[in-house]
Structures are given as structure tokens and as C-alpha cells.
Amino acid sequence: MIPNHPSFRTSSRTAILAAAGLMIAACGGEEDTSSAAAATDGSRPVAETRAGAAKPAAADPNALPAPKCPAKTDKGLPGPDILGLKLGMSKDMALNIVRCHLGADAFIDPQRNWIHGLKSHQLELGPQAFMVQQGETSACNFRTFNDMQKCGPGNRVWAHVSEKITLATPGVPGRETLVGVWRTQNFKPDEMPAVESLVSALTQKYGAPQFRDKRENRRGDLSRLRWITDVNGQPVTDPNPLLRRCGFNIDGRMNSLSWSEGCGLNLAVEIMHSPDNPALAKELSIGMLHQDNLFQYGNDLQAELNEIEEKRRAEELERAKKSGSDIAL
């Protein structure tokens, strides 16, 4: 069972936030993130972490300092994790964990906006989310229109995206907080794990899911698993209508998410089966967030931004009054 996540305050409302990318989060302690990988079978992990083996800073396309590996996570935060990523940790800690896992040369795409409709007034906010991906790339070729269309993130041609992680970290400068994680792994034909091995590893890590089904879509069979709790941290099961209302989309092409009243900490997993052998997985996606707490976090952030703006205006007015006292009319 997924424990309640008290690191955010709760409320009961519905909100819509703009998001980018797709990926996931889970548990951890003061430890190397490599210990967070769950095994898909007797010998192979769901994702092979590379903490402590970051590529040289000279190969870093993001002009960032080298990550501090092995990465550490926040030992005091409750709740599940993914790769050591926990809701409520700082942006810097979360980004460092991801860079240690994917390598210092992984491409990072900062997202300026994430919460839809957030008004920062005159305060310059930093990136509110980060999409980080790793894979096989080559230089873009702009000789023809078709060549231009192949050019992707980082001005590279991505022959294969092995893994992509998105961190939602909204907040005022210096206090950005991890509120959602999305992760997708794409397996090559000779690296595909068994679907049931993935399900077993996920169940071992997070407990039995409250919801599981299998459906067909244009890309083949899709297995879905959901770990769903209410605002009190209790697992939601039938006939509770929250069982289906608290699901959320983890498609990386989405541009919005809807938070529903009464929904607590939720994990969503989608496993895309291989069309050539449905018993094997070609893609694994997982996402984690606390819906009700996230809504309150957005409200609190907007209130803080409003307070900062009111203070700025009051100080500006006070300066104007002092300087205006000597003006001859």
C-alpha cells in the first residue's frame, strides 16, 4: 500500500495544470540512487542506474556543473520513490539524482511554465519543470526539409530515446519543489523484459495495485496499473468512484493534467507490449503525484507571488512619496 504523503497540505478541489513530458517518481533515503532500481527478473533491474558514473563535464551539452554522484535523496521525506525521487524534495536535489542516473551528457530541456494560469507579476521565475532524456543521437543535418524534420531536442537526431524523465518543480526562486515525476523507458528488441516480470517488480516495490487492466490501441496491447489513495492515504477500491476518477494521463505528448477532488497520492504505470511478442514490453511509463496536495501547492504558490507583488508595490509607493516631497509645483 502507498502511504499518505503529508509533506504537502491537503485540500479538496479540482485544478488543471499545464505540464510537459512524461515519467515517474518513488522512495529513498540518504543513499546512492542505484539502490532504488527494482528488479524485473532474477538478475536484471527495471532501469540500470549509473550513479557515480557520470560522463565527463566536457561532454555536457547543458553547460552545467558536473552532478554530485553518487546522488543522495532526502531521508526525511515520507512516501514512495522512483530512482530515489520523492515528492517534496528540492529541485536541485531531484535534478542531481536524474543527472547521476542518466549521465552528465543527458539532454536537459528546462520548461519555463508548468502551472496553468500562474501569475508571477514582475518576479522572474526560474524553470518550473525539466525534461531530461538520454539515448543514441547524431548531429542534425539541414540539407533538406526531411533532414530538418528529423532534428529533435538539443539540435540532435534521436535514433533511439532510451529514457526520458520529467520533473515538475514549480516555486519561487530558491524554493522550487518537486511535485510530480514522469518517466519512460524504451527497450530495444534484444533488451525487452517480460511484462509479468515488470508487474512483479512493481508490485514488490509499491504493493498490489488497486487497478489493473489491458486494452488495445493503435500501437498494440497496453497494460495499465494504478496505485490510488484518498486524501487520508487509504487505498481506494471498488465500489468507490475515486478508483477511476483519480486516474491521470501519463502520455508524454499531453499538455495538461486534471486534478480531482478527494484524490491523494497516485502512481500510474503503462506497459506497452511488443507487437511481435505481446509477452514482452517495448516501453514502460510511470508517473507519480499527489493530486489534492498539488492543487493546494498551486494555490499557496499563487498567494505567495501575490504577497511578493503587494510588498514590491508598497515599497515602490513609499519611495515615490519620499522622492516626491521635494518636487516644486
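Results, tabulated for the structure shown:
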| quantity | calculated |
| --- | --- |
| Near pairs, Cβ below 8 angstrom, 6+ apart or cross-chain, from segment 198-214 (aromatic (Phe, Trp, Tyr)) to any residue that is in a loop (DSSP other than H, G, I, E, B) | Tyr206/Ile2; Tyr206/Pro80; Phe211/Gly247 |
| Residues of segment 197-210 classified as among the β-branched types (Val, Ile, Thr) and either exposed (fewer than 11 other Cβ atoms within 10 Å of the Cβ) or in a loop (DSSP other than H, G, I, E, B) (or both), total | 0 |
| Hits in segment 263-298 (condition: under 28 Å from Pro80 (Cα atoms) and loosely packed, with under 15 Cβ neighbours inside 10 Å) | Ala279 |
| Extreme residue, farthest from Ser162 (Cα to Cα), among residues of segment 227-269 that are modelled with pLDDT of 85 or more and either within 15 Å of the chain's Cα centre (by Cα) or among the aromatic types (Phe, Trp, Tyr) (or both) | Leu265 |
| Residue selected from segment 40-90 under the condition in a strand (DSSP E or B) and surrounded by fewer than 18 Cβ atoms within 10 Å (Cβ to Cβ), by the criterion modelled with the highest pLDDT | Ser90 |
| Residue ID - modelled with the highest pLDDT, chosen from residues in segment 97-143 that are part of a loop (DSSP other than H, G, I, E, B), within 21 Å of Leu64 (Cα to Cα) and among the charged types (D, E, K, R) | Glu124 |
| Evaluation of Lys321 against (1) closer than 30 Å to His160 by Cα; (2) out of contact with any helix residue (DSSP H, G or I) (no Cβ under 8 Å at 6 or more places or on another chain); (3) not acidic (Asp, Glu) (one fails), failing number | (1) |
| Single unsatisfied condition, Trp182 versus (1) free of Cβ contacts under 8 Å to residues at least 24 places away in the same chain; (2) surrounded by 15 or more Cβ atoms within 10 Å (Cβ to Cβ) | (1) |
| Some residue of segment 211-233 being within 19 Å of Asp81 (Cβ to Cβ), assigned to a strand (DSSP E or B), in contact with a Gly (Cβ under 9 Å, 6 or more places away or on another chain) and hydrophobic (A, V, I, L, M, F, W, C) | yes |
| So Arg224, is it of a type outside the set (Phe, Trp, Tyr) and over 30 Å from Ile308 (Cα atoms) | yes |
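The values are calculated or read from the model by the stated rules, or taken from the named source; none is laboratory data. What you see is a predicted model, and the numbers here were worked out from it, not measured in a lab. Backbone-built Cβ (ideal geometry, glycine too); neighbour counts: all protein chains shown.
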